[in-house]
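> Pasting a structure below so you can have a look.
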Amino acid sequence: MSRILNIGAAQMGPIAPDESRASAVARMIDLLRQAKERGCHLVVFPELALTTFFPRYYDDDIGGMDHHFETEMPGPELRPLFDAAKAADIAFYLGYAEKTADGHRYNTSILVDGDRIVGKYRKVHLPGHAEYDAKRPFQHLEKRYFEPGDLGFPVWRCKGGIMGMAICNDRRWPETYRVMSLKGAEVIMLGYNTPDVNTSAFEPNHLRMFHNHLVMQASAYQNSCFVIGTAKAGMEDGCMLIGGSCIIQPSGEIVALASTVADELITSACDLDLARMGKETVFNFAKHRRVEHYGIIASQTGVELPPDLAAED
Ligand code: CDT
């Protein structure tokens, strides 16, 4: 059986604060139509793909942002997206803000195939801050509006491969990929919304794209898997979001790259067996990992410096 999966990264241009779910969904259905024409089996949409990136706005009342959250999936406005994907036989990753029946809020993604929500992931590494920060030109209040994900980093079998999900800031953390690749992940999908400026400290703007690709390419190589990174991009309510959506193969090379900051589908025929080579040689975990030396990675959060013996003299 062929293990070639045609994968699409469906980058989306900006979503205005007053843009309706129906409009965002119509744009996504058009991207799915293009994906069908190009023979895609799997399409990855961005993080928080249904609304503007609302963590840039402060509200005293956390519930004041609830109109950006979904309380059922699919709700009536999302139904046409699910129907279109099923008709096209395309599985998809969708990022959205989730509010649960018992009142928890998460930055969530799901993997959908046909009638089934195959998997759900809730963002673990929430960036930004929880309170208004007057020093920033705009806010990044993910720590205010979301709780850290409580589902870990699961993987699922889908379309003949083993797949995992991550969301935006997760891509900067090696643990994200390593946990999933220890479960055999061959494809790691992630959506992102990344402003083109670092609002917490000065950094030249070009580094935003460099770091975007650096972490995903290094992680694809070190875990011998495909990484599909899909941006929401362009000028969104005065805030520029980088694009750079890409499909990365297990060698770490980018094999498809978006060239706009608008709605744009990029695709690649991904031979999942390419992931095997690294997993069986340089990154054969069972053979080469030395877990007896890795303990503090999972038991210690921050840095603990060695004693300064000179200072004690
Ligand atoms: N959405 C998201 O996670 N964005 C972050 C911005 C980092 S700066 C607070 C990112 O890692 O791209």
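The values are calculated or read from the model by the stated rules, or taken from the named source; none is laboratory data. Keep in mind it's a predicted model, so treat the numbers as computed, not measured. Backbone-built Cβ (ideal geometry, glycine too); neighbour counts: all protein chains shown.
> On the given criteria, is Ile167 surrounded by 15 or more Cβ atoms within 10 Å (Cβ to Cβ) and within 13 Å of the ligand (Cβ to nearest atom)?
Working: surrounded by 15 or more Cβ atoms within 10 Å (Cβ to Cβ): yes; within 13 Å of the ligand (Cβ to nearest atom): yes.
Yes, satisfied.
> Residue by residue through segment 184-195, note down the ones that are more than 10 Å from the ligand (Cβ to nearest atom) and either of a type outside the set (A, V, I, L, M, F, W, C) or free of Cβ contacts under 8 Å to residues at least 60 places away in the same chain (or both).
Hits for segment 184-195 are Gly184, Ala185, Glu186, Ile188.
> Only one of (1) within 15 Å of the ligand (Cβ to nearest atom); (2) on the phi < 0 side of the Ramachandran plot; (3) in contact with a Leu (Cβ under 9 Å, 6 or more places away or on another chain) is not met by Gly244, so which one is it?
(2)
> Pairs only if they're at least six apart or on different chains, beta carbon under 7 angstrom, first in segment 157-173 and under 12 Å from Gly229 (Cα atoms) and modelled with pLDDT under 95, second crowded, with 22+ Cβ neighbours inside 10 Å and of a type in the set (Val, Ile, Thr); list them, first residue then second.
Hits for this filter: zero, empty list.
> Mind listing whichever residues of segment 104-124 are touching a residue at least 60 places away in the same chain (Cβ under 8 Å) and away from the ligand (no atom under 16 Å from the Cβ)?
Selection gives Leu111 alone.
> Then there's this: Looking only at segment 98-132, count how many residues are part of a loop (DSSP other than H, G, I, E, B) and within 21 Å of Tyr192 (Cβ to Cβ).
So the first thing to find is which residues in segment 98-132 are part of a loop (DSSP other than H, G, I, E, B), and the list is 100-104, 114-115, 123-132.
If we keep only those that are within 21 Å of Tyr192 (Cβ to Cβ) as well, we get 123-130.
Number of matching residues: 8.
> Select, from Phe283, Phe226, the only residue that is among the aromatic types (Phe, Trp, Tyr), at pLDDT 95 or above and surrounded by 21 or more Cβ atoms within 10 Å (Cβ to Cβ).
Working: Phe283 fails: surrounded by 21 or more Cβ atoms within 10 Å (Cβ to Cβ).
Unique residue meeting the criteria: Phe226.
> Give me the residue from segment 133-152 that is within 16 Å of the ligand (Cβ to nearest atom), part of a loop (DSSP other than H, G, I, E, B) and under 20 Å from Ala97 (Cβ atoms) and, out of that set, farthest from the chain's Cα centre (by Cα).
Phe138
> Further question: Testing Gln222 on (1) part of a helix (DSSP H, G or I); (2) over 13 Å from Gly252 (Cα atoms), one condition comes back false. Which one is that?
Going through the list (1) part of a helix (DSSP H, G or I); (2) over 13 Å from Gly252 (Cα atoms), Gln222 breaks only (2).
> Right, another one. Taking segment 40-49 as the search range and keeping residues that are part of a loop (DSSP other than H, G, I, E, B) and aliphatic (A, V, I, L, M), which one is farthest from the ligand (Cβ to nearest atom)?
Restricting attention to segment 40-49, the residues satisfying the condition of being part of a loop (DSSP other than H, G, I, E, B) are 40-41, 45-49.
Filter once more, keeping what is aliphatic (A, V, I, L, M): 48-49.
On the way: Leu48: 8, Ala49: 12 Å.
My answer is Ala49.
> I'd like the residue in segment 76-103 that is more than 24 Å from Val187 (Cβ to Cβ) and free of Cβ contacts under 8 Å to residues at least 40 places away in the same chain and, out of all such residues, is surrounded by the most Cβ atoms within 10 Å (Cβ to Cβ).
Residue satisfying both the conditions and the ranking: Lys99.
> Mind listing whichever residues of segment 50-61 are away from the ligand (no atom under 12 Å from the Cβ) and closer than 24 Å to Leu78 by Cα? Walk me through it before giving the result.
Initial filter on segment 50-61 (away from the ligand (no atom under 12 Å from the Cβ)): 50-52, 57-61.
Matches in segment 50-61: Leu50, Thr51, Thr52.
> Does segment 58-97 hold any residues that are over 21 Å from the mean Cα position of the chain (by Cα) and part of a loop (DSSP other than H, G, I, E, B), and which are they?
Residues satisfying the conditions are Tyr58, Asp59, Asp60, Asp61, Gly75, Pro76, Glu77, Asp89.
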